[in-house]
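Working notes, structure below.
The values are calculated or read from the model by the stated rules, or taken from the named source; none is laboratory data. Model, not experiment: these values are computed from the prediction. Glycine also receives a Cβ, built like all others from the backbone with ideal geometry; neighbour counts cover every protein chain displayed.
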Amino acid sequence: MINRTSTSDRHSVLQQYLLFTAVSFAVFLVVVSSIIIPKVQSTYADFLLSTNTLALDLEVQDVKIFVDDRVTVLRDIASQQPVITAAMLADGQSLEASSLLNSSKILGTSAPLILFDIDGLVLYSTEATDSEAEAAVHQMARSILSDQIPQTVELVENSSGTYLLIAVPVLYGAGTEGILGTVLPFKVADIVATGLREGAAAVKLSTERTTLSWGTERIVDPFSQNSQIEPYGITLTLINDITPFKNQEAELIKSYSVSLAIAALVAFAFITLVGFRLIIAPFQQLLATDAELSRQRRDLQLIFDNVPVRIWYKDDKNRILRLNREAANSMGRKVENTEGQDTYDLFPEMAKKYHDDDLAVINSGKAMLGIVEEYTPVDGERGWVRTDKVPFVDEENGERGVFVVSQDITDVIAAQEDLRDSEERFALAAQGASVGIWDWIDVNDDKEYWSPQFFKLLGYENEEIEANLSVFRDLLHPDDHEHTFAALDAHFTRKEPFDAEYRLKTKQGSYRWFRGSGQASWDEEGRAVRMVGSVQDIHTLKSAEKNLTAALAEQSELTNRLSTIIDTAADAIIIIDPKGAIQTFNKSAQKLFGYSEAEVTGKNVRILMPDPDKGQHDGYLTNYLSTKKPKIIGMGREVTGRRKHGDKFPMELSVGEISENSATAGFVGIIRDISARVKAEQILQGHVKDLARSNADLEQFAYIASHDLKAPLRGIMNLADWIQENIQETADEETNSYLSLLKNRISRLESLLAGLLEYSRVGEGSDKLAKTDLNMLVEVAADLLEAQNKGFEINCELPAIVCSSSEMNQIFQNLISNTVKHNEAAPCRVEIGCSLGDGEYVFRFEDRGIGIPEDMWDKVFKMFQTLKPRDQVEGSGMGLAIVKKIVTRRGGRIWIEEPVDGSGVAFCFSFPKVEKK
Amino acid sequence: MRKEVGLLLVEDDEVDVIGVKRALQRLKIANPLIHACDGVEGLEYLKGTNGKAKLEPPYLILLDLNMPRMGGLEFLEEVRQDPELHKSVIFVMTTSSDERDVCAAYEKNIAGYVVKSDAENTFNQALSMLDHYWKIVELP
């Protein structure tokens, strides 16, 4: 990791260095080019200009000479006397002049000469000439005459050729006598210098009037310069094609640049190499060294921070200069905010002592090692440390200080304290009352140490008798001799624990039970060397043990009896542990379920259950164990069992909890096969259903019978009526009385049927329960029966209760009707009352009438039962039967009691109290 | 002139028929009486089928409930479903005082429900009531 970092550092340094040189190189090239190229270009331009000027001057010279020569020749002609004379005399026909002019040639070229007089009129012309040229000459002559100029020169170009026109004055003395002009054909090419002809140049000659060109068609990239040819007013323009110059220039720049670039490249390569060797390589080495140093530093810091020892160093002003993490942690602080701290702030309690030690070390220059002291940081954990303090002097700045290494020895101190405690404990134990200590210092020797308590246990004063093995042997009960020493031997040779019970003879001469235990130590060859042990008086315990044995025997007897009971019980008895595993499975259970005890012992009791109990039983158990809410315990329940062969049977199960020390140790279940009972119950249920059906049938029968019987009965009644009507006049007394009897019997039958119908329909109507004012109800019923009108007095004090008002109405109507019917002869008083007791209303309907003989009390509630012949008291005999049926249907009772005042009868009936929903 | 109102007596009990007739005589009611012995025959008279002369309105029907073949409630059902007959004014006169019968009959829009309880008086009172009824009430 560390090396890679430094390598990459080195790489980047190299890269940056190379990048730097490359950029410098580029900058160099750009700067140099931007200086050199314009320089080359301007140099070239200067060269071009000077070359051109030179050529132009030469050309001007040539043209001037050409023109001068012709002008001079023409002047010579003009200065000839015949010409002068001809001009002066304005005689163009002068022979002399004409011959002279005709013979004159200009530099070997014969050209037309034209002589003008002073007025500019043509005096003589040697030959016909181009008219345009002639006109121009004429013009020239006039301008000489008018402007007094020595000569004029003009150029003309037309279809017939190019011409040089020259005009000079004809002078006589100083006066102008005429003008001589010539039209001189010429070609520009003739007057262009040979050098120009070969080079890529063009020439233009121009006057105000005309411009003549030569060679312009060859020019691609023109560069022109001009100059006046004096005094003729001709402008010479020299045009050069600079394309070759440009090419040359580019070529030059290219070659310059290439050489420059190569030179620069070489120079920079050199610089780079030298620079790398002189700067980069040492720099990279420096980096690598630095990385290695920082790695070492980190390693050191790592060690410094992770060494499980507290290290710090302080200066002589008691400030912590540096410390490791362990040290900082021990003070409950961070390294960063502990460096530079004063120890008086960190260890207010101990700082003075620490500082004194530091100063002693610094001043003496000698180390203090192994200082064991308390360590009391303000924030960290307190404890004990062993500290080494070593002086140091910083060689660079001469500062003095102390280097501290401190180790947490809290555990060691604690262990030492424990050891001290345990030693104290041993000493205390040795002094304790119930245990005696002995120390057999050398097992090959007889001598022993006995603690004072040992003597005391035996009834002796301390060291009253000698403490050694022989004495012990003498005190030991002869019967305990053998097993005690056998145990001792087993301990010595096989290192079996030595723990023996034996009797020792006390000072009083009686034996007491002791329990002796001890531990030997062995040398390297496995021989016992020393043995230490204790004796404890267990006499009381031993007696108790005897009693316990007797109690155990008794309990075992009890257990036997219990198991006999369990085995001989007619009911199946199963005991399970709290997890449901079967522990006891008695004979009856085996017989009932078809499993043997061995088959089910340890199995979960589930196997005796069909689904869904089978899957849920474990849940029931855990639920009970956690909530302690019994669902079945303590109450019998009918459940289904499953025999080994899979068939199910109903059983009655009662479960009891077995508790030991108030924790559940198991459950006992007592099971009785109730198949027979259930079967009987089912049969009974069937009977009940049959009975209910037959009752319903009977009621239906009663209803239909009475209903259907009524129709023919009415017919009979009608017919009897009509017969009586028809024979009323003629029939005798007897017949009429028979008919009356017939009608009477029909009425009775009708009333019987009506009663029967009413009886059968009890409970058929709406059973709506509502709060009903019974006083009102009785009043209405009595009104309907005209009881008061008939002289009866009805006193009623009844509550408003929740009941079926139609049923109550039926009850009271029937009761009142009953009283009225039987006491019509002597109307009486009726008392109706009601009391609430034990969840039911008890009504008492008492009249002061004729009463009912006691032997008839049971009979009156039967159907069609009347106490008197119907001929005396007309009644269906159904009233009380209906009342009884209503009352019993509602779960009440009805009975008759003695009246309070002796006469009359009291009907009592009860109704369970119903709360309005 | 107002057409005389006919009376259709649908009754299976011969004695009751006599009872009605006697009551008519006693009350000197001369309106025509037609007797049908059950619901089927009653419908035949109303529709003029099975060789019976059709009873033309206006008429009143006096109907018993418990009858063979077609009982009174079934007869009511038929009549109320028939588009021609459903307007018929019908009184029920029966031995049943069962509330269920009373309710079922009034469900079928009967004009009145008379229980034949007290032998002859019933007929006299019932028919006297009908006599008044058809004298006062306009029939369809």
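List of remarks:
- Residue that is nearest to the other protein chains (Cβ to nearest Cβ), among those in region B:88-102 that are in a loop (DSSP other than H, G, I, E, B) and surrounded by fewer than 17 Cβ atoms within 10 Å (Cβ to Cβ): B:ASP98
- Yes/no for A:ALA135 being buried (at least 18 other Cβ atoms within 10 Å of the Cβ) and either touching a residue at least 12 places away in the same chain (Cβ under 8 Å) or among the small types (Gly, Ala, Ser) (or both): no
- Test: residue in region A:761-782 that is touching a helix residue (DSSP H, G or I) at 6+ places or on another chain (Cβ under 9 Å), within 14 Å of chain B (Cβ to nearest Cβ) and in a helix (DSSP H, G or I): no
- Every residue from region A:527-558 that is small (Gly, Ala, Ser) and touching a strand residue (DSSP E or B) at 6+ places or on another chain (Cβ under 9 Å): A:ALA528, A:GLY533, A:SER534, A:SER543
- When each of A:TYR17, A:TYR44 is tested for being under 30 Å from A:ASN226 (Cβ atoms) and modelled with pLDDT under 85, the lone residue that passes is A:TYR44.
- Boolean, B:LEU85 is hydrophobic (A, V, I, L, M, F, W, C) and more than 14 Å from chain A (Cβ to nearest Cβ): yes
- Qualifying residue in region A:738-748 (condition: surrounded by fewer than 18 Cβ atoms within 10 Å (Cβ to Cβ), more than 14 Å from chain B (Cβ to nearest Cβ), among the hydrophobic types (A, V, I, L, M, F, W, C) and over 30 Å from B:VAL15 (Cα atoms)): no
- Set B:VAL15, B:VAL79: member being of a type outside the set (D, E, K, R), more than 11 Å from the chain's Cα centre (by Cα), outside any strand (DSSP E or B) and away from chain A (no Cβ under 14 Å): B:VAL79
- Within region A:721-729, the presence of a residue that is in a strand (DSSP E or B) and not polar (S, T, N, Q) is excluded.
- Test: residue in region A:47-64 that is in contact (Cβ under 8 Å) with a residue 24 or more places away in the chain, in a helix (DSSP H, G or I), more than 30 Å from A:ALA189 (Cα to Cα) and in contact with a strand residue (DSSP E or B) (Cβ under 7 Å, 6 or more places away or on another chain): no
- Some residue of region B:59-70 being out of contact with any Cys (no Cβ under 9 Å at 6 or more places or on another chain), more than 14 Å from every other protein chain (Cβ to nearest Cβ), assigned to a helix (DSSP H, G or I) and over 21 Å from B:LEU127 (Cα atoms): no
- Residue check for B:LEU43: more than 14 Å from chain A (Cβ to nearest Cβ) and in a helix (DSSP H, G or I): yes
Listed here are the residues, each with its yes/no results for (1) assigned to a helix (DSSP H, G or I); (2) away from chain B (no Cβ under 14 Å); (3) within 30 Å of A:VAL605 (Cα to Cα); (4) more than 60 Å from the chain's Cα centre (by Cα).
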| site | (1), (2), (3), (4) |
| --- | --- |
| A:GLN682 | yes, yes, yes, yes |
| A:ASN695 | yes, yes, no, yes |
| A:TYR703 | yes, no, no, yes |
| A:LEU709 | yes, no, no, yes |
| A:GLU750 | yes, no, no, yes |
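- Region A:452-480, residues that are assigned to a loop (DSSP other than H, G, I, E, B) and either among the aromatic types (Phe, Trp, Tyr) or at pLDDT below 85 (or both): A:TYR460, A:ASN462, A:GLU463
- Test: residue in region A:786-793 that is within 14 Å of chain B (Cβ to nearest Cβ), among the polar types (S, T, N, Q) and out of contact with any Asp or Glu (no Cβ under 9 Å at 6 or more places or on another chain): no
- One residue alone among B:ALA36, B:ALA105, B:ALA30 is within 30 Å of A:ARG761 (Cα to Cα) and away from chain A (no Cβ under 14 Å), and that residue is B:ALA105.
- Among the residues of region A:714-734, just one is surrounded by 14 or more Cβ atoms within 10 Å (Cβ to Cβ) and more than 14 Å from chain B (Cβ to nearest Cβ), namely A:ALA731.
- Checking A:GLY602 against (1) of a type outside the set (D, E, K, R); (2) closer than 15 Å to A:ILE575 by Cβ; (3) surrounded by 12 or more Cβ atoms within 10 Å (Cβ to Cβ), the condition it does not meet: (3)
- The residues in region A:699-726 that are in contact with a helix residue (DSSP H, G or I) (Cβ under 7 Å, 6 or more places away or on another chain) and free of Cβ contacts under 8 Å to residues at least 60 places away in the same chain can be counted, and the count is 18.
- Matching entry among B:GLU4, B:GLU14 (being over 17 Å from B:PRO68 (Cα atoms) and of a type in the set (Asp, Glu)): B:GLU4
- Condition check for A:GLY875 on (1) in contact with a His (Cβ under 9 Å, 6 or more places away or on another chain); (2) assigned to a strand (DSSP E or B): one failure, at (2).
- Between A:LEU287, A:LEU323, the distinction of being buried (at least 16 other Cβ atoms within 10 Å of the Cβ), touching an Asp or Glu at 6+ places or on another chain (Cβ under 8 Å) and within 30 Å of A:PHE25 (Cα to Cα) belongs to A:LEU287 only.
- Given (1) surrounded by fewer than 17 Cβ atoms within 10 Å (Cβ to Cβ); (2) not in a helix (DSSP H, G or I), number of the condition A:GLU423 does not satisfy: (2)
Here's the yes/no breakdown for (1) surrounded by fewer than 12 Cβ atoms within 10 Å (Cβ to Cβ); (2) under 30 Å from A:ASN329 (Cβ atoms):
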| site | (1), (2) |
| --- | --- |
| A:ASP408 | no, yes |
| A:VAL412 | no, yes |
| A:GLN416 | no, yes |
| A:VAL435 | no, no |
| A:LYS447 | no, no |
| A:LYS456 | no, no |
| A:GLY459 | no, no |
| A:GLU463 | yes, no |
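- Residue check for A:GLY340: farther than 16 Å from A:ARG400 by Cβ, assigned by TED's automatic domain parsing to the domain that holds A:ARG400 and assigned to a loop (DSSP other than H, G, I, E, B): yes
- Test: residue in region A:860-871 that is under 16 Å from A:TRP895 (Cα atoms), assigned to a helix (DSSP H, G or I) and modelled with pLDDT under 85: yes
- Selection within region A:661-680 - more than 54 Å from the chain's Cα centre (by Cα) and either under 18 Å from A:GLY580 (Cα atoms) or outside any strand (DSSP E or B) (or both): A:ILE670, A:ILE671, A:ILE674, A:SER675, A:ALA676, A:ARG677, A:VAL678, A:LYS679, A:ALA680
- For region A:838-859, taking the residues that are of a type in the set (Lys, Arg) and outside any loop (DSSP other than H, G, I, E, B), the one that is surrounded by the fewest Cβ atoms within 10 Å (Cβ to Cβ) is identified as A:LYS859.
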